[in-house]
Amino acid sequence: MTVRERVRKLVDSSWFQGSVVTLILVNAVILGIETSPRLMAEHGDLLHGTDMVILTLFVVELSLRAYAHRGAFLRDPWSWFDMVIVGLALMPSSGPFAVLRVLRVLRVLRLLSVIPTLRHVVAGLFRALPGMAAILFLVVLLLYVSGVMATKLFQDVSPEHFGDLPTSLFTLFQISTADSWSAIAKDVMEHQPLAWIFFVTFVLVSTFVALNLFVAVAVEALEKDTDSEAEGGTGPGAGAEPGYGPGGGNGQEQILAELRALREEVASLRGERQGSAEHAP
């Protein structure tokens with residue numbers, strides 16, 4: 001076994017992945033503690049030292065993965081995600097890049113690339129983006145039409161909420177989040193008792209229907225991603241070299257080895273059969 005194969009076996013092992021997850025969680029706790037001035041005054045040096053050690057371990061981990069998987073590492077979008085996150089943490093703490101140090105907290109997002117279940121969820125959400133974009137356009141269209149109607153209907157009775165189109169759009173957006181919408185509706189209903197028809201209809205359509213559509217599209221995308229992963233086709237990790245990512249592993253290598261052995265055996269049998277036919281009387 002070569003050195004590269006040993007390193008690959010190391011970085012693909014479950015205990016190595018578990019160690020990375022533990023480091024990310026510990027780092028998340030440290031980043032949260034650093035927001036406390038009192039704790040920083042008491043343990044600031046220890047926290048900064050621990051943070052630097054964890055950052056160094058992250059760099060070593062990425063280096064080992066890059067060495068073990070070579071081209072497959074660079075072809076994996078999650079690898080680029082990890083490198084960007086860790087690279088931001090390496091920015092100097094002073095000078096023009098000091099503000100980017102705030103982005104160190106993004107290291108917690110490395111959990112998305114390390115835990116396979118979270119990777120499937122993110123892949124499903126990306127798959128759902130086209131459907132969500134269509135629903136979002138429908139919601140914006142509904143909001144605009146409702147804003148024009150509300151401005152014409154309630155402009156005189158409630159100018160603070162529906163005085164013009166931008167104000168109406170903001171008010172309707174507030175209503176769609178169920179933020180004090182009943183108070184706004186009651187204020188208008190004091191002058192127009194039938195205004196409840198407009199508000200109830202808008203809340204039902206914008207809140208319940210639109211939200212359920214978003215959920216339905218997301219669930220469908222997650223189901224498709226799970227099915228494609230189960231079929232060994234286009235799920236996360238497909239296309240990577242064997243043993244790398246969620247779609248690789250020793251099982252795939254074993255299957256390929258068995259297929260090669262079967263081909264060699266079939267070729268040998270064909271050769272023996274042809275030889276017997278040539279020597280037959």
*Scan of segment 26-42 for residues that are in a helix (DSSP H, G or I), free of Cβ contacts under 8 Å to residues at least 24 places away in the same chain and within 23 Å of Leu90 (Cβ to Cβ), ordered by number*: Val29, Gly32, Ile33, Met40
*Which condition breaks for Arg127 when tested against (1) touching a residue at least 40 places away in the same chain (Cβ under 8 Å); (2) not in a helix (DSSP H, G or I)?*
(2)
_Tally of residues being of a type in the set (Gly, Ala, Ser) and surrounded by 16 or more Cβ atoms within 10 Å (Cβ to Cβ) across segment 67-77_ = 2
*asked:* Exactly one of these conditions fails for Val53: (1) surrounded by 14 or more Cβ atoms within 10 Å (Cβ to Cβ); (2) β-branched (Val, Ile, Thr); (3) modelled with pLDDT of 90 or more. Give me its number.
replied: (1)
_Tabulated pairs, segment 201-216, first closer than 15 Å to Ser182 by Cα, second not in a helix (DSSP H, G or I), C-beta under 9 angstrom, 6+ apart or interchain_ = Val203/Ala178; Thr207/Thr177; Thr207/Ala178
_Quick check on segment 159-171. Is at least one of its residues of a type outside the set (Gly, Ala, Ser), closer than 25 Å to Leu23 by Cα and without any contact (Cβ under 8 Å) to a residue 40 or more places away in the chain?_
no
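The values are calculated or read from the model by the stated rules, or taken from the named source; none is laboratory data. These numbers come from a predicted model, not from an experiment. We place every Cβ from the backbone using ideal geometry, glycine too, and count neighbours over all the protein chains shown.
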